[in-house]
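Asks: Just dropping this structure here.
The values are calculated or read from the model by the stated rules, or taken from the named source; none is laboratory data. Here the structure is a predicted model, which is why all the values come from computation and not from measurement. Please note: Cβ atoms are built from the backbone with ideal geometry, for glycine as well, and neighbour counts cover all protein chains shown. Areas reflect the complete protein model, heavy atoms only, side chains present, ligands, DNA and RNA absent. Shrake-Rupley method; radii C 1.70, N 1.55, O 1.52, S 1.80 Å.
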Amino acid sequence: MSTFSTQTTCNSSTSMAPTFVLVGMPGLSAVPSWWAIPLVTLYLLSTLGNGTILWIIVMEPALHRPMYVFLSLLSASDVGLATALMPTLLGLALADVHVISASACLLQMFFVHVFSVMESSVLVTMAFDRALAICRPLHYPALFTSGFISKIVLAIAFRCLGLHLPLPFLLARMPYCRPQVLTHSYCLHPDVTRLACPGTWGAVYSLFVVLSAMGLDPLLIFFSYGLIGKVLQGLGSSEERWKAGQTCVAHLGAVVLFYVPMILLALIDRLRLPVPQPAHTLLSYVHFLLPPLLNPILYSVKMKEIRERILKRLQPMKVGFSQ
């Protein structure tokens with residue numbers, strides 16, 4: 001009998017056990033090693049794409065503007081999120097390791113949620129940036145000064161760390177009344193909280209963290225695009241509307257990639273919809289792993305300045321290889 005089967009039969013406990021049990025992709029436990037190849041490929045492509053975006057923005061003084069500063073933060077959060085997920089995903093894929101220590105689980109949970117909230121916060125900031133640029137173009141340069149951008153960056157850092165720093169300590173001290181078997185291939189705080197005894201106040205704080213970030217942020221983005229849509233309707237020509245709207249296309253794509261799978265997962269969990277476990281697991285992979293892979297492509301294709309400067313930087317390399 002596998003380690004996973006043995007661990008799932010453990011008795012209920014009243015305190016945190018030294019280990020948690022992760023659930024891998026159903027149907028792949030018999031041949032775990034082959035799906036490490038697409039995981040490693042996906043991670044390397046994500047890191048290469050986001051690293052290229054960061055490199056271009058740092059190296060090009062013309063890109064040291066608010067929109068590109070926020071884009072660099074988005075790329076950093078994507079790299080951090082993918083890196084935080086990889087240890088347990090590769091452990092499952094390469095060695096079918098389902099058991100993770102409680103300390104390692106809480107550490108992974110902390111970084112996964114910090115980078116998730118960072119990405120969500122950056123997407124909200126980028127939405128307000130686009131709204132101000134389109135709705136108040138004359139006031140925009142005076143509002144988004146370097147000092148104001150620094151304050152936004154500090155506020156994002158404070159929000160990410162302030163919300164999630166207490167959680168590992170609270171969860172480590174909570175009483176647990178259920179076998180510590182998780183429903184994902186990585187540690188998430190709603191998943192860990194689900195195993196706690198009813199009435200534990202730490203679970204209330206966990207719910208507050210989810211609602212204050214992932215519940216509020218989509219509403220703020222929706223509000224921002226409501227303002228943008230109202231202004232676009234008032235523009236005289238369709239060409240002006242098209243040009244203004246094009247500045248939002250990449251951001252809208254990033255928003256859809258990040259929030260739609262998350263909202264679907266939340267609905268499935270809260271409404272207890274009869275979704276097969278493989279589909280549920282695959283949707284969680286899409287939510288966490290697809291944005292880091294596709295965001296650099298979206299911004300490179302849709303943002304002319306990024307694309308042109310990448311090609312400009314790569315041109316000397318091509319000449320050097322040809323010689």
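Asks: Provide the net charge surrounding LEU73, with neighbours chosen by a C-beta distance below 12 Å and charges set as Lys +1, Arg +1, Asp -1, Glu -1.
Replies: Once all neighbours under 12 Å are counted, the net charge is -3.
Asks: Output the 0 to 90 degree angle, nearest 10, between the alpha-carbon long axis of helix 201-210 and the longest principal axis computed from the alpha carbons of the chain.
Replies: In the chain, helix 201-210 runs at an angle near 30 degrees to the longest axis.
Asks: Right, something else. Could you tell me which residue out of PRO66, GLY234, ILE268 lies farthest along the dipole of the chain toward its positive end? Charges go on the beta carbon: Lys and Arg +1, Asp and Glu -1, centred on the Cα centre.
Replies: Farthest towards the positive pole: GLY234.
Asks: Quick check for me: using +1 on Lys/Arg Cβ and -1 on Asp/Glu Cβ, what's the dipole size of the chain about its Cα centre, in debye to the nearest 20?
Replies: Dipole about the Cα centre, nearest 20: 500 debye.
Asks: At a Cα cut-off below 19 Å, give the aspartates and glutamates reachable from LYS312, other chains included and same-chain residues fewer than 8 away excluded.
Replies: Partners within reach: GLU60.
Asks: Tell me the relative contact order for the chain as a rounded percent, counting alpha carbon contacts under 8 Å between residues six or more apart.
Replies: 27 percent.
Asks: For the Cα atoms of the chain, what angle does the longest principal axis make with the long axis of helix 36-59, in degrees from 0 to 90, nearest 10?
Replies: Once rounded, one gets 30 degrees.
Asks: Let me ask you something else. So how much accessible area does LYS230 have, in Å² to the nearest 10, using a 1.4 Å probe?
Replies: 150
Asks: Here's another thing I want to ask about it. Using a 1.4 Å probe on the protein chains only, how many percent of the accessible area of segment 85-193 belongs to carbon and sulfur?
Replies: 76
Asks: In addition: If a/c stays under 1.5 just call it rounded; otherwise compare a/b with b/c (prolate if a/b is bigger, oblate if not). Do that for the chain, with a ≥ b ≥ c from the square roots of the Cα gyration tensor eigenvalues.
Replies: prolate
Asks: Using Cα atoms only, what is the angle between the long axis of helix 66-95 and the major principal axis of the chain, expressed in degrees (0 to 90) to the nearest 10?
Replies: The angle comes out at about 30 degrees.
Asks: Further, regarding this structure: Under Stokes-Einstein, with the Kirkwood radius over Cα pairs standing in for Rh, what whole-number D in µm²/s applies to segment 66-125 at 20 °C and 1.002 mPa s?
Replies: Roughly 171 µm²/s, to the nearest whole number.
Asks: Then there's this: List the equivalent ellipsoid semi-axes of segment 54-191 in whole Å, largest first, each obtained as the square root of 5λ for an eigenvalue λ of the Cα gyration tensor.
Replies: They are 37, 17, 11 Å, listed from largest to smallest.
Asks: Once the dipole of the chain is set up with Lys and Arg at +1 and Asp and Glu at -1 on Cβ about the Cα centre, which of LEU48, PRO18, LEU154 lies farthest towards its positive end?
Replies: Most positive-ward Cα: LEU154.
Asks: I've got another one for you. Give me the three principal axis extents of segment 213-323 from the C-alpha atoms, as integers in angstrom, largest value leading.
Replies: The Cα atoms of segment 213-323 stretch 60, 46, 22 Å along their principal axes.
Asks: Something else now. In the Gaussian network model of the chain, springs joining C-alpha atoms below 10 Å, which of SER101, SER75, SER224 carries the largest mean-square fluctuation?
Replies: Ranking SER101, SER75, SER224 by mean-square fluctuation puts SER101 first.
Asks: Would you mind computing, in nm to one decimal, how far apart the modelled labels at LEU44 and VAL260 are, each placed 7 Å from Cα along Cα→Cβ?
Replies: Reported label-point gap for LEU44 and VAL260 is 2.9 nm.
Asks: Could you state, as a whole-number percent, how many of the C-alpha pairs of segment 230-293 are farther apart than 17 Å?
Replies: Every Cα pair in segment 230-293 considered, those over 17 Å come to 55 percent.
Asks: Leaving out ligands and nucleic acids, note down the accessible area per residue over segment 135-233 with a 1.4 angstrom probe, in whole Å².
Replies: Heavy-atom accessible area per residue stands at 54 Å².
Asks: Moving on to the next point. Relative contact order of segment 156-288: what whole-number percent is it, with Cα pairs under 8 angstrom and at least 6 residues apart?
Replies: With pairs under 8 Å counted, the relative contact order is 17 percent.
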